[in-house]
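Q: Here's a structure for you.
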Amino acid sequence: MHTTVFLLLRLALGASMFGHGLVRLPKLRGFSQWMVASFDRSMLPKSLVVPFSYALPVAEFIIGLLLIFGLFTRPALVAGGVTMVLLILGTSLIENWEAVPSQLIHAAFFAVLLQYVQFNRWAIDPLIHQ
């Protein structure tokens, strides 16, 4: 039962991350411009926002893909958690309080899955780590 629960949560979180990255990658320049504009009045310099705005969709896409396949699951969960911490910090700096709860929920799911990663049996990881 634990393996099924872990699988469903891993797939759901993976689909969310993958979907975020997938829709942003084709319009990467526009997404970057939107993010830079969003942070225009924040204390973060543009020199930090621009590279992050280009890296974020790529990270979301890769983390999501890894979680969907159950490949490098533990590092993908850690990377996803770190991504959420950075997003929560950035969202707080621009006072977009409406977005923080969703990001906190994602962070909580990353943490819970990381805590129970031993139940990651329906995945590629167990096949390559035999």
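Where a number appears in this text, it was derived from the coordinates with a stated rule and is not lab data. Remember, it's a predicted structure, so these values are computed and weren't measured experimentally. Don't worry about glycine lacking a Cβ; one is built from the backbone with ideal geometry, like all the others, and counts go over all protein chains shown.
Q: How many of the residues making up the stretch 88-115 are aromatic (Phe, Trp, Tyr) and surrounded by fewer than 15 Cβ atoms within 10 Å (Cβ to Cβ)?
A: Adding up the residues that qualify gives 1.
Q: For the stretch 112-130, state whether one or more residues are under 27 Å from residue 34 (Cα atoms) and not acidic (Asp, Glu).
A: no
Q: Shifting gears a bit: Taking the criterion of being under 28 Å from residue 124 (Cβ atoms), part of a helix (DSSP H, G or I) and among the hydrophobic types (A, V, I, L, M, F, W, C), would at least one residue in the stretch 33-56 satisfy it?
A: Scanning the stretch 33-56 turns up at least one residue that is under 28 Å from residue 124 (Cβ atoms), part of a helix (DSSP H, G or I) and among the hydrophobic types (A, V, I, L, M, F, W, C).
Q: Residue 73: among the polar types (S, T, N, Q), within 27 Å of residue 4 (Cα to Cα) and more than 12 Å from the chain's Cα centre (by Cα), yes or no?
A: For residue 73, the condition - among the polar types (S, T, N, Q), within 27 Å of residue 4 (Cα to Cα) and more than 12 Å from the chain's Cα centre (by Cα) - is met.
Q: Output the qualifying pairs, or none if there are none: Cβ atoms under 6 angstrom, residues six or more apart or on different chains, first residue in the stretch 82-105 and in contact (Cβ under 8 Å) with a residue 40 or more places away in the chain, second residue among the charged types (D, E, K, R) and in a helix (DSSP H, G or I).
A: Listed pairs, sorted by first residue: none to list.
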